[in-house]
Amino acid sequence: MRKSKHKGLFFGCFSGCSFSDNQNVPHNSSLYKKPFVESFEETPLWVAVLTYMGYGILTIFGYLRDFLRHWDIEKCHVARERDEQKDFVPLYQDFENFYTRNLYMRIRDNWNRPICSVPGAKVDLVERVTHDYNWTFEHTGKVVKDVINMGSYNYLGFAENTGACADAALEVTKMYGVGVGSTRCEMGNLDIHEEMEQLVARFLGVESAMAFGMGFATNSMNIPALMGKGCLILSDELNHTSLVLGARLSGSTIRVFKHNNMQSLEKLLRDAIVHGQPRTHRPWKKILIVVEGIYSMEGSIVRLPEVIALKKRYKAYLYLDEAHSIGALGPNGRGVVDYFGLDSKDVDIMMGTFTKSFGAAGGYIGGKKELIDYLRRHSHSAMYATSMSPPVAQQIITSMKIIMGEDGTTLGADRLRQLSQNTTFFRRRLHEMGFIIYGNDDSPVVPLMLYMPAKIGAFGREMLKRNIGTVVVGFPATPIIESRARFCVSAAHTREMLDTVSPISNMKHKRQKVCFDPLWVIMDSCTFNQLPA
C-alpha cells in the first residue's frame, strides 16, 4: 500500500491517475490562507485485479444459474421474475435486471434497515430476517438497541427529540398544526416562513433567500428556471444526481470537468469563450459552473478559491451546492465560503439543504434580491409545491439561531468545535490503522475503501454485529473498483463511541488483535501487510 497523505497545498489525484500528475497540483496556491490537505490514493494494482475478478466470477455464476433455471435444472427460482410479471413491459434493461437479481440481492440486507428511534448518535433498529435470499424480509418483533449511528448526516447533533429545537417545534405544532395544505403563492405563506428566510439570508451573508420543502427539488427544479437553451453548464463529474437532473431538465448544453481539477475546468471555460455555441459559434447566453461544497461520496472539499478566480476571469456564474458543508464547515458553521474566508457575494447562487446539519428537511437558495424574486415567479418548486411544514421551519430557525449564538448560549460554538475535533480524531485514527480513506482532513464525510465486492456485505454485517450502523456503497453508485464504507462524523458522537468504531489506537501493540478479529481481517486484506511491525 502506498501512502498518499501529503501536507501543505497538495491535492491527491482521483483513482486512475499518477501522483506525479501535475494537473492535480494547484496552480494558484496564493489563493489559500491555510494548508489544504486531501488524499485520494490510487487503487493498488493487485487489489484492482482481484476486484475485477470478483465481479467477473459473480457475473459468470449469475449467467450460469440463469441458464440452469431456464432448463429447470436449478431449483432455486428466487432470482427470477415471477410468472405473473412476464406479460408486463420490463421495468429494467437486461443487464440492470441481471445485476439486481444476481449481485445486488446478495447484499441487499445492508440497506433500508428500519429505525424505530430518533436518528441521533445512537439508534434502535428493528430486527428482520429473510428466508428467500433477501428478496423479502420479515420483522422478528425484536429491537436492536443502542446501535452507534455512523451513517446519518446529523453533523451537529440537532436530530434529537429533546432540547430547545424539539420544544420550539412542539409549540409551533400546537399553534400552526403539522401541514399547511397550500403553496406559498396561494394560502400557504406563513409568517414563520418569512422569518426563516430572513434568518437564512442573514446567516449566509446574502441579500435574500428562499426555502423549499425538498432538498432534491431545490436543485432539480431551480436549475431549469435559471438556465435554458443556448446556455452552457460546466459540471463537476462527481456532482449529485439532483444537480445532474436539474442540468438535463434545463435543456442547456452540459460539459463535465474532472473532479476538483481546475485545469480541466479552465480548458472548458476557454473553449466556451473561444468557440461559442456549436454550429452557430454565437456566444453562450450564460455559462454556469456547478460544484458542491463537500462531495458526499468522496469526502472532498471544493477548491472554491480557484473556482471563484476562474469564474471572475471568464465572466461565468457560479452555483454552489452546500448540502453537506453548510453548518459542518467553517469557524462559524457557514459552510465552505466561511471555511476559506471568502466573500459570499462572489458566489452567484448559494444552495444548501436543511436535512443535514440542521436536523430538519428542505433546502434553500440564497443570493441577490433580483435572483430570489425571479425564482419566486419562475421556479416550479416555488409555484407548485406545498409549503414547508411549520414545525420543520421552526426546527430550522431554532437550530440556526443556536449555531449563530443568538440563543444566548455557546451551544452552537461548542457543537462546531466538537464536530471539528471528532472529525480530526476519527480520520487520524483510521490513518494510523493503515486504512485507505478519501477526502479532505476537515471533512466529516469519511469514505473508507473496501474495493472488493465480497467486502461490501461482509463489512456492513460485521459492523452491525458490533452494534455499529454504517453505510456501505458499491457499483454502480461508485466506480467498480472503488467500493467503500462511508462514515459520517457527528458532534453528538462521544470519544467513547469513536473509540468503539475504531478501537485500535496503537497498532504496534495491538497487531495480534487485528489478526484474529474477523471485522479487521475483512478490512485489512489489502492493507495488512503494511501494518507497522
Revision key, fill the gap. Checked against the positive end of the charge dipole of region 102-180 (+1 on Cβ of Lys and Arg, -1 on Cβ of Asp and Glu, about the Cα centre), the farthest of 114, 131, 178 is 131
Review point. Which of the aspartates and glutamates could a cross-linker bridge to residue 75, judged by Cα under 18 Å and excluding same-chain residues fewer than eight apart?
Key: 66, 83, 132
Exercise for review: Would you work out the charge dipole size for the chain about its Cα centre, treating the Cβ of every Lys and Arg as +1 and the Cβ of every Asp and Glu as -1, and quote it to the nearest 20 debye?
Suggested key: 1220
Exercise for review: Quick one: accessible surface of residue 175, probe radius 1.4 Å, all protein chains present, in square angstrom to the nearest 10.
Suggested key: 140
Revision key, fill the gap. Here the FRET efficiency for residue 64 versus residue 461, based on Cβ atoms and R0 = 25 Å and rounded to 0.05, is 0.45
Check your understanding: Rank 75, 142 by accessible area, highest first, at a 1.4 Å probe radius?
Key -> 75, 142
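In deg cm²/dmol, rounded to 500, what helix-only [θ] at 222 nm does the chain give when every DSSP H run of at least 4 residues adds -39500 (n - 2.57) and the total is split over its residues?
Values: 17 runs with 202 residues, N = 533.
It lands at -11500 deg cm²/dmol.
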Study note, to complete from the structure: Non-local residues with an amide H under 5 Å from the amide H of residue 329, with H modelled 1.01 Å from N and Pro and chain starts lacking one, are 335
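Of 229/267; 34/311; 145/356; 311/401, which pairs sit farther than 25 Å apart, going by alpha carbon to alpha carbon?
Check vs 25 Å cut-off fails for 311/401.
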**Study point:** Hz values of 3J(HN,Hα) by residue in region 106-119 - Karplus curve (6.51, -1.76, 1.60), Gly and Pro given as x
**Key:** 5, 10, 4, 5, 7, 10, 6, 5, x, 10, 10, 7, 5, x
Review point. Heavy-atom accessible area of residue 32 with all protein chains present, probe 1.4 Å, nearest 10 Å²?
Key: 20
Practice item. Only bridges with both residues in the chain count here: give the DSSP antiparallel percent, nearest 5. Key: 60
**Study point:** Cα-based shape type of region 370-411, given that a ≥ b ≥ c are square roots of the gyration tensor eigenvalues and the cut on a/c is 1.5
**Key:** oblate
Revision key, fill the gap. Rounded to whole Å², per residue accessible area for the chain with a 1.4 Å probe reads 46
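The values are calculated or read from the model by the stated rules, or taken from the named source; none is laboratory data. Quantities reported herein were computed from a predicted structural model and do not represent experimental measurements. Here the Cβ is made from the backbone with ideal geometry for all residues, glycine too, and neighbour counts use every protein chain on show. Heads up: the accessible areas ignore ligands, DNA and RNA and are worked out on the full protein's heavy atoms, side chains in. Shrake-Rupley method; radii C 1.70, N 1.55, O 1.52, S 1.80 Å.
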